[in-house]
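Every number here is computed from the coordinates shown, using simple stated rules; none is lab data. This is a predicted model, so every value here is computed, not measured. Quick reminder, even Gly has a Cβ in these numbers, built from the backbone with ideal geometry, and neighbours come from all protein chains shown.
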Amino acid sequence: MAVINIFNPLIPNEIYHGDSRNLLKRIAHNSIALSVWSPPYYVGKEYEKDLSFDNWKGLLIDVIALHFSIIKSGGFLAVNIADILCFKDESMPKIMAENVSRRKIVLSKEKILAVKEKHPDWNRYKLAEHFGCSEQTIDRRLNGNNIRGGKYQSQTRIFLVGGLIEAAAKEAGFYLYDRRIWVKDAAWENSRWHTISYRSVDESEYLYIFWKPGITKVDRARLTKEEWVNWGSRGVWDIPSVRSNADHDSKFPVELPRRVIKLFTEPGEIVLDCFMGSGTTALAAIREGRKYIGIDKEKRSVEIAKKAIDSISKYTKEPEQMDLMLRDLEASYGTG
Ligand SMILES: C[S@@+](CC[C@H](N)C(=O)[O-])C[C@H]1O[C@@H](n2cnc3c(N)ncnc32)[C@H](O)[C@@H]1O
């Protein structure tokens with residue numbers, strides 16, 4: 001069982017800078033009604049670039065284990081995560097597809113350079129999309145090399161993350177209580193494979209909700225009848241992604257944690273996000289009159305989160321104004 005440092009406890013309504021594996025040990029036992037977070041997805045983002053696959057799995061397992069003693073009995077842990085759609089597997093047979101349907105295009109290096117001059121920030125994926133070819137073709141024309149190494153390169157498959165999360169939570173003492181699907185905007189731009197294979201684009205994520213044994217108060221009055229019909233009882237949540245990623249690479253929309261918080265907690269209870277990023281969960285907690293504790297290992301994320309929290313906190317007595325401000329924050333900072 002995790003050892004809690006009760007001499008220097010984390011206090012509510014603060015965002016802390018540091019590694020969750022250290023800071024979670026400083027949260028008081030049985031104090032958190034709900035922990036809701038979205039961890040690194042192992043897809044090569046800046047904040048996870050130093051993690052090997054085993055380190056990444058270890059991070060998730062350790063963080064989930066550290067939650068058991070801090071969540072209240074009857075409380076919840078909600079994990080938002082997606083499957084890894086392009087998981088490199090060395091053991092897969094290296095057999096290239098015979099792509100007979102790709103448009104035959106005559107593309108010269110000069111043509112690419114002309115477009116690149118107009119759009120210096122476009123990477124090879126964007127250029128490939130523009131010309132309707134693969135990023136390999138772009139790289140071959142520009143650099144005369146084959147970035148994938150053709151048939152010698154590792155093949156990719158889907159890696160289902162849910163099993164890993166469920167096993168870690170079960171090992172820690174939690175039980176899978178519910179799972180919902182978040183349908184987001186279809187990420188055509190990120191789906192490098194969809195034009196050269198039979199694979200689908202990336203357009204959904206999961207929400208796994210784990211229960212810590214204990215009495216759970218079920219109060220149907222937390223939601224209106226309309227909210228129950230529209231999302232409270234629904235397994236699929238249709239919530240648009242945030243428009244851009246100007247401030248933080250991988251924000252979720254405030255509506256996602258807001259729904260979880262409203263369903264699973266009472267006003268005044270403490271909501272934790274130990275992968276707080278730009279502060280979205282704290283904003284949702286404030287919107288719903290709950291307390292929050294946030295943790296992130298990146299100093300910049302902590303600064304962004306604190307700034308966003310400051311900008312909405314003055315509207316606690318004016319929910320409509322706060323909603324306008326939250327919309328502004330999503331539109332101006334953007335998310336994904
Ligand atoms: C998927 S993002 C979360 C985004 C957040 N939900 C939002 O809406 O902005 C994951 C975050 O976890 C942070 N992170 C990664 N490893 C961490 C660790 N060991 N401890 C604390 N934070 C970590 C990253 O810096 C990143 O901000």
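When the chain is fully extended, how far beyond the present Cα-Cα distance does K317 get from R199, taking 0.36 nm per residue of separation? Show your work: numbers first, answer last.
Details: separation 118, 0.36 × 118 = 42.48 nm, distance 4.78 nm.
Roughly 37.7 nm would be gained on extension.
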- Query: In nm, to one decimal, how far is the D219 label point from the E98 one, both placed 7 Å along Cα→Cβ?
  - Reply: 6.5 nm
- Task: Among E298, E205, E226, determine the one that fluctuates most according to a GNM of the chain built with springs between C-alpha atoms less than 10 Å apart.
- Result: E226
- Arrange the following residues from fewest to most other Cβ atoms within 10 Å of their Cβ: M325, M92, M276. M92, M325, M276
- Within the chain: Cβ-based charge dipole about Cα centre, in debye rounded to nearest 20 (Lys, Arg +1; Asp, Glu -1): 600 debye
- Specify the inter-centroid distance of the range 33-50 and the range 204-220, based on alpha-carbon positions, in whole Å. 21 Å
- Task: May I ask you to list the trypsin sites (Lys or Arg not before Pro) in the range 39-71 that are in a DSSP loop and have at most 14 other Cβ atoms within 10 Å of their Cβ?
- Result: K45, K49
- Item | Above-threshold pairs, the threshold being 27 Å between Cα atoms, out of K25/K88; K57/K251; K57/K126; K217/K251 | K25/K88; K57/K126; K217/K251
- Message: Please state the shape class of the chain: rounded when a/c is under 1.5, otherwise prolate if a/b exceeds b/c and oblate if not, all from the C-alpha gyration tensor.
- Response: prolate
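Can you sort E320, E135 from fewest to most other Cβ atoms within 10 Å of each residue's own Cβ?
Values: E320 8, E135 18.
If I rank by nearby Cβ atoms, fewest first, I get E320, E135.
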- Message: Apply the a/c threshold of 1.5 to the C-alpha gyration tensor of the range 226-336 and tell me whether it is rounded, prolate or oblate.
- Response: rounded
- Note on the structure: Measuring from the longest principal axis of the C-alpha atoms of the chain, the long axis of helix 162-172 (C-alpha) lies at a number of degrees, nearest 10, equal to 30 degrees
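Determine the dipole magnitude for the range 172-314: charges of +1 sit on the beta-carbon of Lys and Arg, -1 on that of Asp and Glu, nothing else is charged, the reference point is the Cα centre, and the result goes in debye to the nearest 20. Numbers along the way, then the final one.
Values: 25 positive and 21 negative charges, 65 e Å.
In total the dipole reaches around 320 debye.
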- Note on the structure: Per its Cα gyration tensor (rounded if a/c is under 1.5, else prolate when a/b beats b/c, else oblate), the range 211-281 is best filed as oblate
- Message: What are the ³J(HN,Hα) couplings of the range 320-329, residue after residue, when phi is run through the Karplus curve with 6.51, -1.76, 1.60 and θ = phi - 60°? Round to Hz, x for glycine and proline.
- Response: 5, 4, 5, 4, 4, 5, 5, 5, 4, 4
- Message: Given a 10 angstrom Cα cut-off, can you work out which residue in I312, I27, I196 is the most mobile in a GNM of the chain?
- Response: I196
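Under 8 Å for C-alpha pairs, at least 6 residues apart: give me the relative contact order for the chain, rounded to a whole percent. Walk me through the numbers before you get to the answer.
Working: 599 pairs, mean separation 77.7, N = 336.
That works out to 23 percent.
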- Message: Could you sort the peptides 60-71, 115-126 by per-residue average Cβ neighbour count (10 Å cutoff), highest mean leading?
- Response: 60-71, 115-126
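Suppose R0 equals 41 Å. What FRET efficiency, 1/(1 + (r/R0)^6) with r the Cβ-Cβ distance, do D54 and E227 give to the nearest 0.05? Write out the running numbers ahead of the final one.
Details: r = 41 Å, r/R0 = 1.01.
So, using R0 = 41 Å, E works out to roughly 0.50.
Pulled fully out, how much extra length does the chain show between V236 and L164, if you take 0.36 nm times their separation in residues and subtract their Cα-Cα distance?
Working: separation 72, 0.36 × 72 = 25.92 nm, distance 2.16 nm.
Net length gain for the segment: 23.8 nm.
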- Message: Running a GNM on the chain with Cα contacts under 10 Å, which residue among V106, V242, V229 ends up with the highest mean-square fluctuation?
- Response: V106
- Query: Angle, helix 255-264 long axis vs. longest principal axis of the chain, Cα atoms, 0 to 90°, nearest 10?
  - Reply: 30 degrees
- Listed with the fewest Cβ neighbours within 10 Å leading, W37, W228 appear as W228, W37
- Query: Just going by the charge dipole of the range 188-321, with Lys and Arg at +1 and Asp and Glu at -1 on Cβ, which of S278, V236, P213 is farthest out on the positive end?
  - Reply: P213
- Query: Rounded to the nearest 0.05, what FRET efficiency is calculated for E303 and A186 with R0 set to 25 Å and r the Cβ-Cβ distance?
  - Reply: 0.20
- With each label point set 7 Å from Cα along the Cα-Cβ vector, what nm distance links K109 and R140? 1.5 nm
